[in-house]
Each structure stands twice: as C-alpha cells, then as structure tokens.
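In what follows, a single structure is set out as structure tokens and then discussed.
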Amino acid sequence: MIVFDLRCPDDHVFETWFASSEAFEGQRAGGLIACPLCGSTDITKAVMAPRVAPKGERAAAAAAPDQMKRALEALAAAQARALEGSQWVGSRFAEEARSMHLGEREHGSIHGQATPAEAKALIDEGVPVAPLPLPVRPPESLN
C-alpha cells in the first residue's frame, strides 16, 4: 500500500491510500478520485516529504503497511457484504435512486456511479444515498 497527498485545482490537499502508483493512475484517469471538499476530479499528486521513523520506531513503522492492508481488506469485505443482493445500475444511479424515492419504481438496493453534482442534487432532494468507501468495478469489467 502507498499513501499519496493529492491536490485539486482549488488547492485542497487530502490523503488517500492506493495499492500502487498504477492503481492511483488508473483511478485518476477513470475519474474515480474526487476532492472531498469540492468534488473536483481534476486531481494531481501533491508534493510530499517522506517520513523516516527514528530507530526505536522502525519496527512499528514497518508493521504499519501490514496493518493498513488488513484494515483495507476488512473494509473491502464489509463493503462486498453490504453490496450482496444490490443491483449495479452504472451511470443510471441518480435516475434510478430518484425514481425509487418518488415511488415511480419498486424500492431495492442499488449501486452505481454518480457525478459529484448528481450526488449533491440527490442529497438536496432528500434521496437517501451514501458514497461507498472503496471503488467498485462494474460487473462487465470483471470478465
């Protein structure tokens, strides 16, 4: 696991963990990383200073990546359990969630993609939605 400080065009800096530099680049290119303050997906790496642990803390620092990996694996497993029985609706998420909220379609568990603007509009309308903590691969990309 690797942690990057990321920056949006409004100079908001935030920290995110990735499996590798390639994973960061793939998620960034796919628009899957958004600034938690403004929602911008125009994200770049911010300048980072490496942290070198003092001698006495090196064993603890060496164990930290394993602990983070286990924590992320547990989070991924919890998210997978939460999505069991949920229908992937892709980019139709905002439309489908709104239809359920208005009673135009049967209620059910769905997940998909929404732009930051679509998500904000749903929240403003009182539609109960929540972001997933980890990215989800669309079913068609799993083949």
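One residue stands out in segment 119-143 among those that are modelled with pLDDT of 90 or more and surrounded by 10 or more Cβ atoms within 10 Å (Cβ to Cβ): the one that is nearest to Ser91 (Cα to Cα), namely Ala119.
Looking across segment 13-50, the residues that are over 13 Å from the mean Cα position of the chain (by Cα), open to solvent by 50 Å² or more (accessible area, probe 1.4 Å) and touching a residue at least 24 places away in the same chain (Cβ under 8 Å) come down to Val13, Leu37, Cys38, Asp42, Thr44, Lys45, Val47, Met48. Considering only residues that are in contact with a strand residue (DSSP E or B) (Cβ under 9 Å, 6 or more places away or on another chain) and surrounded by 13 or more Cβ atoms within 10 Å (Cβ to Cβ), which ones fall in segment 92-109? Once the filter is applied, which keeps residues that are in contact with a strand residue (DSSP E or B) (Cβ under 9 Å, 6 or more places away or on another chain) and surrounded by 13 or more Cβ atoms within 10 Å (Cβ to Cβ), segment 92-109 yields Arg92, Phe93, Ala94, Glu95, Glu96, Ala97, Met100.
The values are calculated or read from the model by the stated rules, or taken from the named source; none is laboratory data. Keep in mind the model is a prediction, meaning the values are calculated, not measured. Backbone-built Cβ (ideal geometry, glycine too); neighbour counts: all protein chains shown. Protein only, heavy atoms only, side chains kept; ligands, DNA and RNA dropped before computing areas. Shrake-Rupley method; radii C 1.70, N 1.55, O 1.52, S 1.80 Å.
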